[in-house]
Amino acid sequence: MSSIAGFASSFITFTVVLFVFLVGVLFVYLIAIYFIDRTQTEHTVRRNYPVIGRFRYIFEHLGEFFRQYFFAMDREEMPFNRAQRSWVYRAAKDIDSTVAFGSTRDLRPEGTVMFVNSAFPPLTDESLPPKPIVVGDGFCANPFTSSALVNISGMSFGAISKPAVLALSHGAKKAGCWMNTGEGGLSQYHLEGGCDIVFQIGTGKFGVRDEFGGLSEEKLKGIAGHDVVKMFEIKLSQGAKPGKGGMLPGAKVTKEIANIRGLEVGQDAISPNRHHELENNEDLLNMIQRVRRVTDKPTGFKAVISSMAWLDDLFELINRRGLDAAPDFITVDSCDGGTGAAPMSLMDDMGLPVKESLPMLIDKLNEYGLRERIKVNVSGKMINPTEVAWALCMGTDFVSTARGPMFALGCIQALQCNKNTCPTGITTHDKDLQKGLVVASKQKRVANYIKNLEKEIRIIANSCGVRRPRDLNRTHARVVVSHGRSKTLAELYPEISKD
Ligand SMILES: Cc1cc2nc3c(=O)[nH]c(=O)nc-3n(C[C@H](O)[C@H](O)[C@H](O)COP(=O)(O)O)c2cc1C
């Protein structure tokens, strides 16, 4: 008994001494911090409010998480709000995506899209799958046919991790859509899933570079030799950073990435802000014809479109040179598109959103009689059914999305793609963080997401009175213009024909 009492008394004494010691250490630490803060010359707040000024940085950092989880309303956040993200998460998990009680969407703001329901929609068993579209028909030896409505937009291996590329490639195969390589070249991980692939030729020509940084026809032929590579896309610009190239620092250029991109290990992977050989529309059409001749596959370009004058010049030139010179497709990217990293002023303020540029492109194609010849693909926040259905009403052939599949992979919008710290392993090369991204389960989520997205687009189309999604047209959607009143897309953007 007395030994237990003795032990208890020593334990209490030890605890008290430890406590006093720790308080002492803390006190000395705070004094040190106080002098460091007071004497440093970089941070005003810490100099004026030593020690407690540091809480500002902690709260500023934590605020992001508190806002996302506790304070932001369902329809409030940017770039994607909780309602939009949750729809993707549920679709990806293939769980019930219905909502209860009533809509939380405010239908009054200008720009709100509403679909025009039919009094007599087709019966469920009269609903039909999307009509196939043929790209490059009659203009190359290997035209590409696809009925996919939604595809995976370009994200290079380098910007996203190996498990992310693998899960996307397997997921795309299961969903029956294509995957764009992004500008970082073609890796074995893109090929592993066996999905259709669109090879992107970025300004750095990664994967198809000759020794001077130009286009290597030999390498291009090699890429085209893969059966699954169906089309080639020359990247002029990307919504988040038009007119800006990019750089993957040498430290991230591993042996594997160097091989894929055609660089030396440790060499900075620099994408110039423009293709050196493209100074005008003549050059662009020459390059399209050259790539198509070498690859025998459909070739188009991706761009942010803000100027009608540019389209006028380009389409006039195509009509002068003949349909052989035309791109087989154009991908129009929205100014609010995503990226791994971009200057804020370009991300926020440069280029037009597809709400404006898609109608502009379709109308110009019609005006110049090129709508049949040149297929249209559109990307930019098309992650939920409504946006895709709007784009189909507007007249697009295909839609692509990058951040939709990222959410399906588990992205939580931590906004850290430009660091190596992505907590979900998607945009990081940190092997520990990549462990969370399990390819076997995430590929199913990518496939579920694309399939459920297409399923719900079909529901919208049927509700509008058409059997197939690609039968939607401008009479099927209305947009709120002012005072809660709406107009059909047909009224806002009357169809234009050549004559
Ligand atoms: C991490 C990341 C990497 C990207 N890399 C490329 C790229 O290599 N080439 C390209 O043309 N676009 C790239 N993009 C842009 C997307 O392909 C797409 O055009 C844009 O994000 C709009 O689609 P979204 O709103 O569905 O994300 C990237 C986007 C993200 C988020």
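Each reported figure results from applying straightforward, stated rules to the coordinates on display, with no laboratory input. Note that the structure is predicted; figures quoted are calculated from it, not measured. As a convention, Cβ positions derive from the backbone with ideal geometry for all residues, glycine included, and neighbour counts pool all protein chains shown.
For the chain, the longest principal axis of the C-alpha atoms and the axis of helix 308-321 are separated by about 40°. A DSSP coil position with no more than 14 other Cβ atoms inside 10 Å describes the following trypsin sites (Lys or Arg not before Pro) in region 29-91: Arg75. Spatial offset of region 125-203 relative to region 306-383 amounts to 20 Å, using the alpha carbon center of each. What is the helix-to-structure angle for 54-66, meaning the angle in degrees between its Cα long axis and the longest Cα principal axis of the chain, kept from 0 to 90 and rounded to the nearest 10? Approximately 50 degrees, to the nearest ten. Would you work out if region 151-309 is rounded, prolate or oblate? Take a ≥ b ≥ c from the square roots of the eigenvalues of the alpha-carbon gyration tensor; rounded if a/c is under 1.5, else prolate when a/b is larger than b/c, oblate otherwise. The shape class here is rounded. Applying a DSSP loop filter and a limit of 15 other Cβ atoms within 10 Å to the GluC sites (Glu not before Pro) in region 166-244 leaves Glu211. In order along region 360-375, the Karplus-derived 3J(HN,Hα) couplings, from 6.51 cos²θ - 1.76 cosθ + 1.60 at θ = phi - 60°, round to 4, 5, 4, 5, 5, 4, 5, 4, 9, x, 10, 5, 5, 5, 10, 7 Hz, and Gly and Pro are given as x. Placing a pseudo-label 7 Å from each Cα along the Cα-to-Cβ vector at Lys498 and Val45 gives an inter-label distance of 6.2 nm. Going by the alpha-carbon gyration tensor, a ≥ b ≥ c the square roots of its eigenvalues, is the chain rounded (a/c under 1.5) or, if a/c is not under 1.5, prolate (a/b greater than b/c) versus oblate? The shape class here is prolate. Seen against the Cα atoms of the chain and their longest principal axis, helix 2-39 is set at about 60 degrees.
Per-residue ellipticity at 222 nm, computed for the chain from helices alone with -39500 (n - 2.57) per DSSP H run of at least four residues, works out to -12500 deg cm²/dmol. Across the cross-link table entries Lys221/Lys364; Lys162/Lys235; Lys302/Lys442; Lys244/Lys487, which are compared at the Cα atoms, the separations over 31 Å belong to Lys221/Lys364; Lys244/Lys487. Exposure proxy shown here: for Lys444, Lys419, the number of other Cβ atoms within 10 Å sets the order, fewest to most, as Lys419, Lys444.
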